(Lines give C-alpha, C1' and ligand atoms only; values in the text may rest on other atoms or scores of the structure.)
Protein backbone atom coordinates (compact mmCIF):
# COMPACT_ATOMS: atom_id res chain seq x y z
CA UNK A 1 0.00 0.00 0.00
CA UNK A 2 1.44 3.36 -1.08
CA UNK A 3 1.62 6.20 1.41
CA UNK A 4 0.61 9.36 -0.43
CA UNK A 5 1.03 12.83 1.01
CA UNK A 6 -1.26 15.52 -0.41
CA UNK A 7 -0.80 19.24 0.25
CA UNK A 8 -3.84 21.46 -0.28
CA UNK A 9 -5.99 18.39 0.32
CA UNK A 10 -8.97 20.33 1.64
CA UNK A 11 -9.21 22.67 -1.38
CA UNK A 12 -11.34 22.50 -4.51
CA UNK A 13 -8.99 20.36 -6.62
CA UNK A 14 -7.22 18.70 -3.69
CA UNK A 15 -10.40 17.31 -2.16
CA UNK A 16 -11.37 15.67 -5.45
CA UNK A 17 -7.90 14.12 -5.70
CA UNK A 18 -8.30 12.71 -2.18
CA UNK A 19 -11.69 11.20 -3.06
CA UNK A 20 -10.36 9.64 -6.26
CA UNK A 21 -7.34 8.04 -4.61
CA UNK A 22 -9.37 6.69 -1.69
CA UNK A 23 -11.77 5.05 -4.16
CA UNK A 24 -8.80 3.11 -5.56
CA UNK A 25 -8.57 1.34 -2.17
CA UNK A 26 -4.84 0.68 -2.28
CA UNK A 27 -3.42 3.91 -0.88
CA UNK A 28 -2.96 5.40 2.56
CA UNK A 29 -3.74 9.12 2.20
CA UNK A 30 -2.06 11.73 4.37
CA UNK A 31 -3.59 15.21 4.13
CA UNK A 32 -1.52 18.26 5.01
CA UNK A 33 -3.77 20.95 6.50
CA UNK A 34 -3.64 23.83 8.94
CA UNK A 35 -5.35 23.68 12.32
CA UNK A 36 -7.68 26.39 11.03
CA UNK A 37 -8.41 24.70 7.68
CA UNK A 38 -12.00 24.09 6.62
CA UNK A 39 -12.19 20.31 6.22
CA UNK A 40 -15.78 20.27 4.98
CA UNK A 41 -15.08 18.24 1.85
CA UNK A 42 -12.75 15.62 3.37
CA UNK A 43 -13.71 15.31 7.05
CA UNK A 44 -15.79 12.17 6.47
CA UNK A 45 -13.08 10.43 4.47
CA UNK A 46 -10.67 7.85 5.87
CA UNK A 47 -7.44 9.84 5.85
CA UNK A 48 -4.59 10.78 8.15
CA UNK A 49 -4.00 14.45 8.94
CA UNK A 50 -0.73 16.31 9.36
CA UNK A 51 -1.33 19.74 10.86
CA UNK A 52 1.06 22.58 10.17
CA UNK A 53 2.12 25.45 7.93
CA UNK A 54 3.97 24.75 4.67
CA UNK A 55 5.93 27.97 5.11
CA UNK A 56 7.68 26.30 8.08
CA UNK A 57 10.78 24.49 6.76
CA UNK A 58 10.96 22.26 9.85
CA UNK A 59 7.39 21.13 9.22
CA UNK A 60 8.27 20.32 5.60
CA UNK A 61 11.22 18.21 6.76
CA UNK A 62 8.86 16.25 8.99
CA UNK A 63 6.01 15.57 6.57
CA UNK A 64 8.11 14.34 3.63
CA UNK A 65 9.54 11.44 5.65
CA UNK A 66 8.12 7.93 5.30
CA UNK A 67 5.89 8.62 2.30
CA UNK A 68 6.07 7.10 -1.18
CA UNK A 69 4.47 9.83 -3.30
CA UNK A 70 3.85 13.54 -2.75
CA UNK A 71 1.08 15.40 -4.57
CA UNK A 72 1.72 19.11 -4.17
CA UNK A 73 -1.63 20.77 -4.72
CA UNK A 74 -1.34 23.60 -2.19
CA UNK A 75 -1.09 27.17 -3.43
CA UNK A 76 -2.97 30.41 -3.65
CA UNK A 77 -4.91 31.76 -6.62
CA UNK A 78 -5.82 35.02 -4.88
CA UNK A 79 -3.62 37.36 -2.86
CA UNK A 80 -3.72 40.86 -1.40
CA UNK A 81 -0.30 41.65 -2.88
CA UNK A 82 1.89 40.13 -5.58
CA UNK A 83 4.60 38.98 -3.18
CA UNK A 84 2.20 36.50 -1.57
CA UNK A 85 2.00 34.48 -4.80
CA UNK A 86 5.77 34.00 -4.85
CA UNK A 87 6.00 33.33 -1.11
CA UNK A 88 3.38 30.56 -1.19
CA UNK A 89 3.44 29.18 -4.73
CA UNK A 90 7.15 29.46 -5.56
CA UNK A 91 9.16 29.51 -2.35
CA UNK A 92 7.15 26.81 -0.58
CA UNK A 93 7.60 24.55 -3.62
CA UNK A 94 11.35 25.14 -3.62
CA UNK A 95 11.57 24.40 0.10
CA UNK A 96 9.46 21.27 -0.33
CA UNK A 97 11.84 19.96 -3.00
CA UNK A 98 14.83 20.72 -0.75
CA UNK A 99 13.17 18.83 2.10
CA UNK A 100 12.56 15.83 -0.17
CA UNK A 101 16.24 15.59 -1.08
CA UNK A 102 17.22 16.02 2.54
CA UNK A 103 14.77 13.63 4.18
CA UNK A 104 13.35 11.33 1.49
CA UNK A 105 15.59 11.11 -1.56
CA UNK A 106 14.06 7.67 -2.31
CA UNK A 107 10.64 9.21 -2.94
CA UNK A 108 8.97 7.41 -5.85
CA UNK A 109 7.47 10.55 -7.36
CA UNK A 110 6.36 14.13 -6.80
CA UNK A 111 3.31 15.35 -8.70
CA UNK A 112 2.82 19.11 -8.93
CA UNK A 113 -0.50 20.75 -9.77
CA UNK A 114 0.52 23.83 -11.72
CA UNK A 115 -1.69 25.87 -14.05
CA UNK A 116 -2.21 26.86 -17.66
CA UNK A 117 -1.46 30.37 -16.40
CA UNK A 118 2.19 29.33 -16.08
CA UNK A 119 2.30 28.80 -19.86
CA UNK A 120 0.62 32.05 -20.78
CA UNK A 121 -1.81 32.63 -23.66
CA UNK A 122 -1.34 31.63 -27.27
CA UNK A 123 -0.66 34.46 -29.69
CA UNK A 124 -2.84 33.14 -32.53
CA UNK A 125 -5.48 30.48 -33.04
CA UNK A 126 -3.33 28.47 -35.48
CA UNK A 127 -0.46 28.25 -33.00
CA UNK A 128 -1.62 25.78 -30.35
CA UNK A 129 0.90 25.90 -27.53
CA UNK A 130 3.05 22.82 -27.03
CA UNK A 131 4.22 21.74 -23.61
CA UNK A 132 7.83 22.72 -24.19
CA UNK A 133 7.19 25.98 -26.02
CA UNK A 134 8.45 29.13 -24.34
CA UNK A 135 6.23 30.13 -21.44
CA UNK A 136 4.95 33.70 -21.23
CA UNK A 137 2.87 34.08 -18.05
CA UNK A 138 1.11 37.44 -17.90
CA UNK A 139 0.09 37.51 -14.22
CA UNK A 140 1.92 37.27 -10.91
CA UNK A 141 -0.01 34.08 -10.23
CA UNK A 142 1.07 32.55 -13.54
CA UNK A 143 4.67 33.63 -13.03
CA UNK A 144 4.74 32.20 -9.50
CA UNK A 145 3.56 28.83 -10.84
CA UNK A 146 6.14 28.94 -13.64
CA UNK A 147 8.91 29.64 -11.13
CA UNK A 148 7.63 26.78 -8.98
CA UNK A 149 7.84 24.44 -11.99
CA UNK A 150 11.40 25.63 -12.64
CA UNK A 151 12.39 24.97 -9.02
CA UNK A 152 11.09 21.41 -9.28
CA UNK A 153 12.99 20.74 -12.50
CA UNK A 154 16.20 22.28 -11.22
CA UNK A 155 16.12 20.61 -7.80
CA UNK A 156 14.73 17.14 -8.53
CA UNK A 157 15.85 16.29 -12.07
CA UNK A 158 17.87 13.03 -12.15
CA UNK A 159 17.32 12.69 -8.39
CA UNK A 160 13.60 12.21 -7.77
CA UNK A 161 10.99 11.62 -10.52
CA UNK A 162 8.39 14.35 -10.91
CA UNK A 163 5.34 15.09 -13.05
CA UNK A 164 3.98 18.59 -13.64
CA UNK A 165 0.31 18.98 -14.56
CA UNK A 166 -1.02 22.22 -16.04
CA UNK A 167 -4.83 22.22 -15.91
CA UNK A 168 -6.81 24.64 -18.07
CA UNK A 169 -9.65 26.55 -16.38
CA UNK A 170 -11.01 23.98 -13.91
CA UNK A 171 -14.72 23.69 -13.16
CA UNK A 172 -16.89 21.27 -11.24
CA UNK A 173 -18.56 20.75 -7.87
CA UNK A 174 -17.15 23.00 -5.09
CA UNK A 175 -15.64 25.56 -7.49
CA UNK A 176 -16.36 29.21 -6.71
CA UNK A 177 -14.79 30.90 -9.74
CA UNK A 178 -16.51 29.53 -12.84
CA UNK A 179 -19.56 29.24 -10.57
CA UNK A 180 -20.11 32.91 -11.45
CA UNK A 181 -21.01 31.81 -15.00
CA UNK A 182 -23.27 29.01 -13.77
CA UNK A 183 -25.02 31.49 -11.46
CA UNK A 184 -25.70 33.93 -14.30
CA UNK A 185 -27.13 31.15 -16.43
CA UNK A 186 -29.28 30.06 -13.49
CA UNK A 187 -30.65 33.61 -13.57
CA UNK A 188 -31.32 33.18 -17.33
CA UNK A 189 -28.43 35.44 -18.37
CA UNK A 190 -25.75 34.40 -20.86
CA UNK A 191 -22.66 36.65 -20.80
CA UNK A 192 -21.13 37.41 -24.19
CA UNK A 193 -17.77 39.10 -24.69
CA UNK A 194 -17.61 41.67 -27.46
CA UNK A 195 -14.31 40.26 -28.76
CA UNK A 196 -14.23 36.58 -29.71
CA UNK A 197 -12.03 34.63 -27.32
CA UNK A 198 -11.11 30.95 -27.49
CA UNK A 199 -10.33 28.72 -24.53
CA UNK A 200 -10.43 25.19 -23.16
CA UNK A 201 -11.82 23.83 -19.91
CA UNK A 202 -11.18 20.79 -17.76
CA UNK A 203 -13.57 19.03 -15.40
CA UNK A 204 -12.17 18.67 -11.88
CA UNK A 205 -12.74 14.91 -11.77
CA UNK A 206 -10.59 14.58 -14.90
CA UNK A 207 -7.78 16.44 -13.13
CA UNK A 208 -8.05 14.00 -10.22
CA UNK A 209 -8.07 11.01 -12.58
CA UNK A 210 -5.00 12.42 -14.33
CA UNK A 211 -3.16 12.56 -11.02
CA UNK A 212 -4.11 8.94 -10.34
CA UNK A 213 -2.84 7.98 -13.80
CA UNK A 214 0.59 9.43 -13.00
CA UNK A 215 1.25 7.59 -9.75
CA UNK A 216 3.04 4.51 -11.11
CA UNK A 217 3.26 5.54 -14.76
CA UNK A 218 6.91 5.75 -15.78
CA UNK A 219 5.96 7.54 -19.01
CA UNK A 220 5.08 10.58 -16.94
CA UNK A 221 8.42 10.77 -15.09
CA UNK A 222 10.02 14.23 -15.50
CA UNK A 223 7.33 15.31 -17.98
CA UNK A 224 4.88 18.20 -18.19
CA UNK A 225 1.25 17.78 -19.29
CA UNK A 226 -1.54 20.16 -20.20
CA UNK A 227 -4.93 18.98 -18.96
CA UNK A 228 -8.04 19.99 -20.88
CA UNK A 229 -10.87 18.73 -22.98
CA UNK A 230 -9.68 19.04 -26.58
CA UNK A 231 -12.76 21.04 -27.63
CA UNK A 232 -12.16 24.77 -28.05
CA UNK A 233 -14.94 27.18 -27.05
CA UNK A 234 -15.86 30.83 -26.91
CA UNK A 235 -17.45 32.04 -23.67
CA UNK A 236 -20.74 32.23 -25.57
CA UNK A 237 -20.34 28.58 -26.62
CA UNK A 238 -19.77 27.57 -23.01
CA UNK A 239 -22.87 29.46 -21.90
CA UNK A 240 -24.91 27.79 -24.63
CA UNK A 241 -23.74 24.31 -23.65
CA UNK A 242 -24.40 24.82 -19.93
CA UNK A 243 -27.84 26.32 -20.55
CA UNK A 244 -28.79 23.57 -22.98
CA UNK A 245 -27.54 20.77 -20.71
CA UNK A 246 -29.80 21.90 -17.85
CA UNK A 247 -32.73 23.12 -19.95
CA UNK A 248 -32.53 26.83 -19.14
CA UNK A 249 -33.46 29.53 -21.63
CA UNK A 250 -31.18 32.57 -21.50
CA UNK A 251 -30.97 36.05 -22.90
CA UNK A 252 -27.62 37.47 -24.10
CA UNK A 253 -25.71 39.75 -21.73
CA UNK A 254 -23.03 41.61 -23.75
CA UNK A 255 -20.08 42.63 -21.58
CA UNK A 256 -17.71 45.24 -23.10
CA UNK A 257 -14.01 45.08 -22.25
CA UNK A 258 -14.11 48.36 -20.33
CA UNK A 259 -16.77 46.94 -17.99
CA UNK A 260 -14.56 43.95 -17.20
CA UNK A 261 -11.59 46.24 -16.57
CA UNK A 262 -13.68 48.46 -14.30
CA UNK A 263 -14.88 45.44 -12.32
CA UNK A 264 -11.27 44.29 -11.90
CA UNK A 265 -10.20 47.70 -10.59
CA UNK A 266 -13.19 47.87 -8.25
CA UNK A 267 -12.39 44.48 -6.75
CA UNK A 268 -8.74 45.47 -6.43
CA UNK A 269 -9.67 48.64 -4.54
CA UNK A 270 -11.90 46.63 -2.22
CA UNK A 271 -9.03 44.19 -1.59
CA UNK A 272 -6.68 47.07 -0.80
CA UNK A 273 -9.13 48.59 1.70
CA UNK A 274 -10.25 45.33 3.31
CA UNK A 275 -6.81 43.66 3.23
CA UNK A 276 -8.52 40.52 1.94
CA UNK A 277 -7.95 38.66 -1.35
CA UNK A 278 -10.78 38.88 -3.88
CA UNK A 279 -11.99 36.69 -6.72
CA UNK A 280 -11.05 39.21 -9.44
CA UNK A 281 -8.33 41.82 -9.95
CA UNK A 282 -6.76 43.69 -12.86
CA UNK A 283 -4.35 40.85 -13.66
CA UNK A 284 -7.15 38.27 -13.66
CA UNK A 285 -9.13 40.48 -16.02
CA UNK A 286 -6.06 40.81 -18.27
CA UNK A 287 -5.96 37.01 -18.45
CA UNK A 288 -9.67 36.85 -19.27
CA UNK A 289 -9.21 39.42 -22.05
CA UNK A 290 -6.59 37.37 -23.91
CA UNK A 291 -7.86 36.04 -27.23
CA UNK A 292 -6.44 32.53 -27.09
CA UNK A 293 -5.92 30.15 -24.19
CA UNK A 294 -5.39 26.93 -26.13
CA UNK A 295 -2.72 24.24 -25.89
CA UNK A 296 -1.84 20.71 -26.97
CA UNK A 297 -3.88 18.01 -25.22
CA UNK A 298 -2.38 15.03 -27.10
CA UNK A 299 0.50 14.19 -24.70
CA UNK A 300 -1.92 13.88 -21.76
CA UNK A 301 -4.36 11.76 -23.77
CA UNK A 302 -1.57 9.50 -25.02
CA UNK A 303 0.43 9.03 -21.81
CA UNK A 304 -2.28 9.26 -19.15
CA UNK A 305 -5.02 7.38 -21.00
CA UNK A 306 -7.66 9.56 -19.33
CA UNK A 307 -10.92 10.16 -21.12
CA UNK A 308 -11.83 13.81 -20.57
CA UNK A 309 -15.50 14.41 -19.79
CA UNK A 310 -17.53 16.43 -22.27
CA UNK A 311 -18.74 19.86 -21.22
CA UNK A 312 -22.32 18.74 -21.86
CA UNK A 313 -22.09 15.94 -19.30
CA UNK A 314 -19.88 17.66 -16.72
CA UNK A 315 -21.76 20.97 -16.74
CA UNK A 316 -25.02 19.18 -15.96
CA UNK A 317 -23.40 17.34 -13.06
CA UNK A 318 -21.87 20.59 -11.80
CA UNK A 319 -25.07 22.63 -12.12
CA UNK A 320 -27.13 20.02 -10.25
CA UNK A 321 -24.50 19.88 -7.51
CA UNK A 322 -24.71 23.67 -7.06
CA UNK A 323 -28.49 23.37 -6.98
CA UNK A 324 -28.54 20.60 -4.36
CA UNK A 325 -25.97 22.36 -2.17
CA UNK A 326 -27.71 25.73 -2.07
CA UNK A 327 -25.15 27.74 -4.04
CA UNK A 328 -27.74 29.63 -6.08
CA UNK A 329 -29.32 32.62 -4.34
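The values are calculated or read from the model by the stated rules, or taken from the named source; none is laboratory data. Keep in mind that this is a model prediction, so the values were computed, not measured. Glycine also receives a Cβ, built like all others from the backbone with ideal geometry; neighbour counts cover every protein chain displayed.
Results, tabulated for the structure shown:
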item	result
Spans of strands (runs of 3 or more DSSP E) in region 1-58 with at least 1 residues loosely packed, with under 13 Cβ neighbours inside 10 Å and without any contact (Cβ under 8 Å) to a residue 24 or more places away in the chain	48-51
Test result for residue 97, crowded, with 20+ Cβ neighbours inside 10 Å, at pLDDT 95 or above and over 17 Å from the mean Cα position of the chain (by Cα)	yes
Hits in region 280-299 - residues which are in a loop (DSSP other than H, G, I, E, B) and either in contact with a strand residue (DSSP E or B) (Cβ under 7 Å, 6 or more places away or on another chain) or surrounded by fewer than 18 Cβ atoms within 10 Å (Cβ to Cβ) (or both)	289, 290, 291, 294, 296, 297
Qualifying residue in region 212-229 (condition: within 21 Å of residue 287 (Cβ to Cβ), in contact (Cβ under 8 Å) with a residue 60 or more places away in the chain, assigned to a loop (DSSP other than H, G, I, E, B) and in contact with a helix residue (DSSP H, G or I) (Cβ under 7 Å, 6 or more places away or on another chain))	yes
Test result for residue 195, closer than 23 Å to residue 23 by Cβ and either more than 13 Å from the chain's Cα centre (by Cα) or in contact (Cβ under 8 Å) with a residue 60 or more places away in the chain (or both)	no
Count of region 233-254 residues which are outside any helix (DSSP H, G or I) and either surrounded by fewer than 18 Cβ atoms within 10 Å (Cβ to Cβ) or modelled with pLDDT under 85 (or both)	8
Every residue from region 154-179 that is loosely packed, with under 15 Cβ neighbours inside 10 Å, closer than 22 Å to residue 86 by Cα and modelled with pLDDT of 95 or more	154
Qualifying residue in region 270-278 (condition: crowded, with 16+ Cβ neighbours inside 10 Å, in contact with a helix residue (DSSP H, G or I) (Cβ under 6 Å, 6 or more places away or on another chain) and closer than 17 Å to residue 77 by Cβ)	yes
Set 257, 302: member being loosely packed, with under 13 Cβ neighbours inside 10 Å and either farther than 29 Å from residue 207 by Cα or free of Cβ contacts under 8 Å to residues at least 60 places away in the same chain (or both)	302
